[in-house]
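To start, the structure itself, in structure tokens.
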Amino acid sequence: MTETYTPPKVWTWDKENGGPFASINRPIAGATHDKALPVGDHPLQLYSLATPNGQKVTILLEELLEAGVTDAEYDAWLIRIGDGDQFGSDFVAINPNSKIPALLDHSVSPPQRVFESGSILLYLAEKFGKFLPADPAGRTEALNWLFWQMGAGPLLGGGFGHFFAYAPEKYEYPINRYTMEVKRQLDLLDRRLADHDYVAGAEYSIADIAIWPWYGGLVLGRAYDAAEFLDVASYKNVLRWAQQIDARPAVKRGRMVNKVNGPLEEQLHERHDAGDFDTKTQDKLEGAA
Ligand SMILES: N[C@@H](CCC(=O)N[C@@H](CS)C(=O)NCC(=O)O)C(=O)O
């Protein structure tokens, strides 16, 4: 057991509480500064970063374009959450919760704001009539899993990932608690994918697009350096599904948008045109500088 902590009668904000997010975590909502956001030429303006929550949206947008939906063209602007961009006034006007991803749809008047990654996926799937089964039973099953991810993901990211990878010290109690839960979630997905090609059934849908960046990333060894610890190789059906989705061209592109880490050729900080994947990745931009 680690040392015990006795909570004070009233919690007060200790800015020195450590960890990599200490400088951006705040106990109050709202904007901290005035900042205008850029607006590009396309109707859909995305303000985001390539975390798993951000990737959900860029993967869906790239899948829509791959499927021939030209109205899904978009501008993706980089929001650097480590620098506090999510607390700028224009960003907060789109997402009062100050978190990426945030979308503004200028194709309707007045422009429609959409925040929460699950809400954005549903909005785009309904707007373009794709990646959500049309029949009531199939649609409900896809939404079951979409909402499952929205509730389950924070236990993986904010729970397991935080205490296993980011907390300033390793504490056995939270690591045990969240490892138990994440392994239960992986087992749930593994059982589901044992007899279904995709999470909601036979069709690739926004349920897969929501779940893959988190749980696919985990079993492919891309998250928290936790593949061995969680014995991800034992979730064979999840691995099969993760690899299958990983190979999709739109998924490869979607992962690159607003990415600021990893190999330079996989980082496309801003995306305004399909050609940007060939000409504007960081290896090209930095090589030309
Ligand atoms: N439930 C939200 C969660 C979004 C979220 O947690 N975004 C993180 C990055 S993955 C963020 O913007 N963090 C900035 C902050 O907490 O200040 C969603 O799915 O859109």
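Values as computed for the structure displayed
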| item | result |
| --- | --- |
| Net charge, Lys252 excluded, C-beta distance under 12 Å - Lys, Arg +1, Asp, Glu -1 | -2 |
| Theoretical gain in end-to-end length, Arg26 to Ser234 [0.36 nm per residue, Cα-Cα removed] | 71.0 nm |
| √(5λ) per eigenvalue of the Cα gyration tensor, the chain, largest first, Å | 29, 26, 19 |
| Percent RCO, i.e. relative contact order, over the stretch 89-142, from Cα pairs under 8 Å lying at least 6 residues apart | 21 |
| Within the chain, longest stretch clear of exposed GluC sites (Glu not before Pro) (DSSP loop, no more than 10 other Cβ within 10 Å) | 17-168 |
| Between the stretch 201-243 and the stretch 25-61, the alpha-carbon center distance in angstrom | 25 |
| Vicinal HN-Hα couplings computed from phi for the stretch 38-50 (Karplus, 6.51 cos²θ - 1.76 cosθ + 1.60; Hz; Gly/Pro x) | x, 10, x, 7, 7, x, 8, 10, 10, 10, 7, 8, 7 |
| Residue order, fewest to most beta carbons within 10 Å, for Met180, Met256, Met150 | Met180, Met150, Met256 |
| Restricting the stretch 60-138 to trypsin sites (Lys or Arg not before Pro) in coil, as DSSP defines it, with at most 14 other Cβ within 10 Å | Arg80 |
| Fewest-first ranking of Ile100, Ile28, using other Cβ atoms within 10 Å as the exposure measure | Ile28, Ile100 |
| Per-selection metrics, the stretch 82-134 (Cα): Rg and Dmax in Å | 12.6, 41 |
| Within-15-Å neighbourhood charge of Ser107 [Cβ basis; K, R +1; D, E -1] | -4 |
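No value in this document is a laboratory result; all are computed from the given coordinates. This structure is a prediction, so every number in the text was calculated from the model and none was measured. Neighbour counts are summed over all protein chains in view; Cβ atoms, including those assigned to glycine, are modelled from backbone coordinates with ideal geometry.
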